[in-house]
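Report on the structure given below.
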């Protein structure tokens, strides 16, 4: 445990010096503030409190931003050590490869959690200033918070795996961007195209909900929309959110972080220094 | 006394290329052993196997009574890589605190370690601003953490100036006196400066020579060179009196086997007045090293 903490402390310091902490905090704060001002305008006719509406908007933001930040922070984790030549020495220390990755995860996840606390906190503050009924939306905000951390852990793990597989920072960066585009943007477009082509057939009714749950980003979105019952204020995936029970979307949200980290540790074990 | 490092019949092949062939050696506690060889002779490969970073193809390696790379072995072995590299964003002190904590030691010892390698003044500067020699010292400082029983040092003196090199060997002497076994590599015999107890020469993955510098010098049996300075114009006469000698200007050059050295010296002394001066040049460290490292496969 002390070895994990030692690694986490050093990684946090490095991220601070590399401005990753500042970048994550500023990005989350700016986007959350923009959304909480812009996104609360049309809420009047829907009967929901302003915070629930803002949480729905923040969910859409988090789906894009959290994986991106996580991948940007993690793609260098193993490949960077290989390139700098620091890995052989590190691996002669009495520390396991799993401990090294868990230490990095603790630091990076801490930074993401800090950025989210700031971003979501600011958004909630703005909402409260305009609507006292916003208290009703607090459970949804809390759910968004911890599930965002889980989403971050998933993509940090995926980033470490990509980093260990590529072994070069440039290759790892390319793979990380590809992974982000694939899972966050193209996957949904592909599903949309399939649903349109299928025209209400077996794929749309049977396979589509599970295809959504198989993707960590979509599972996160489904879970937050389904749990908050806010599907009324969000289009698109919102339709599916009303079909799938909350527990079914909760399972992938909780399983993906462990799966991604296991994959990362396996990939890291295959790296020969 | 049981040895700290035991290697028997070690062979390593990379996709058909044999990097190490049937190498056997031992290093006892308190012993300083130098591993010499050209680039690509197999020094770094052997060190990586000892450290458990890569597996051996054949043979047995035992480090402090444990398998290489096992937690038990890693706790007792320190390593200094060939080009010691660290994260440029951390300061020397932060980096050492990190390593101390990984070994379960008190991180407060970082500044004392940096003082010990002469980096006290730069402790709070980022490693990104360090010179190669300073990074090498950080590498050395981390290798001193927690009284290791075996130190594996890959070309430790390569970035150091002559004064730092002396300091470095003084540190090694102190460690060896405490019972640490030291295995260090170098690509030149001059760099180890005869400050080691035993020398191993690797060539093309094979151990071609082993022994103290005196042993190696004796068994190499390289010829001794002599330069005789002749007194006005006697150079040709001197050259004629000594078999195999060549006169060039006022100088006479000749070489002879170790066993004939005293005999030849006697003859030169017998020339009396004709000789102004005599210089005897024993084979240099470089000569001895190339003798062994070229014998096999080159």
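So here's what we get for this one:
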read-out: Spans of strands (runs of 3 or more DSSP E) in the stretch B:179-279 with at least 3 residues more than 20 Å from residue B:25 (Cβ to Cβ); value: B:224-230, B:246-248, B:251-256
read-out: Only one of B:52, B:40 that is assigned by TED's automatic domain parsing to the domain that holds residue B:146, touching a strand residue (DSSP E or B) at 6+ places or on another chain (Cβ under 9 Å) and without any contact (Cβ under 8 Å) to a residue 12 or more places away in the chain; value: B:40
read-out: Residue in the stretch B:85-108 that is under 26 Å from residue B:14 (Cα atoms), in the same structural domain as residue B:16 (by TED's automatic domain parsing), at pLDDT below 95 and surrounded by 16 or more Cβ atoms within 10 Å (Cβ to Cβ) present; value: yes
read-out: The listed residue being farther than 23 Å from residue A:257 by Cβ, modelled with pLDDT under 95 and either under 15 Å from the mean Cα position of the chain (by Cα) or away from every other protein chain (no Cβ under 14 Å) (or both), out of A:16, A:33; value: A:33
read-out: Members of the stretch B:117-145 found to be surrounded by fewer than 16 Cβ atoms within 10 Å (Cβ to Cβ) and either assigned to a loop (DSSP other than H, G, I, E, B) or within 14 Å of another protein chain (Cβ to nearest Cβ) (or both), listed by number; value: B:124, B:125, B:128, B:129, B:131, B:132
read-out: Members of the stretch A:36-60 that are modelled with pLDDT of 80 or more and buried (at least 20 other Cβ atoms within 10 Å of the Cβ); value: A:36, A:51, A:52, A:53, A:54, A:55, A:56, A:57, A:58, A:59
read-out: Criterion (more than 15 Å from residue B:37 (Cβ to Cβ) and either touching a helix residue (DSSP H, G or I) at 6+ places or on another chain (Cβ under 8 Å) or in contact (Cβ under 8 Å) with a residue 12 or more places away in the chain (or both)) met by exactly one of B:197, B:154; value: B:197
read-out: Condition met for residue B:166 (over 29 Å from residue B:11 (Cα atoms) and assigned by TED's automatic domain parsing to the domain that holds residue B:74); value: yes
read-out: Yes/no for residue A:103 being within 14 Å of chain B (Cβ to nearest Cβ) and surrounded by fewer than 20 Cβ atoms within 10 Å (Cβ to Cβ); value: no
read-out: Residue A:106 being over 25 Å from residue B:70 (Cα atoms) and part of a helix (DSSP H, G or I); value: yes
read-out: The stretch B:102-116, residues that are over 21 Å from residue B:159 (Cβ atoms) and assigned to a helix (DSSP H, G or I); value: B:102, B:107, B:108, B:109, B:110, B:111, B:112
read-out: Any helices (runs of 4 or more DSSP H) falling wholly within the stretch A:128-215 and containing at least 3 residues that are over 19 Å from the mean Cα position of the chain (by Cα) and surrounded by 17 or more Cβ atoms within 10 Å (Cβ to Cβ); value: A:138-166
read-out: The stretch A:68-86: number of residues that are in a helix (DSSP H, G or I) and surrounded by 23 or more Cβ atoms within 10 Å (Cβ to Cβ); value: 7
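Here's the yes/no breakdown for (1) closer than 30 Å to residue B:50 by Cα; (2) at pLDDT 85 or above; (3) touching a strand residue (DSSP E or B) at 6+ places or on another chain (Cβ under 9 Å):
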| site | (1), (2), (3) |
| --- | --- |
| B:187 | yes, no, yes |
| B:223 | no, yes, yes |
| B:226 | no, yes, yes |
| B:236 | no, no, yes |
| B:253 | no, yes, yes |
| B:256 | no, yes, yes |
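The values are calculated or read from the model by the stated rules, or taken from the named source; none is laboratory data. Here the structure is a predicted model, which is why all the values come from computation and not from measurement. Virtual Cβ from ideal backbone geometry, glycine too; neighbours counted across all protein chains shown.
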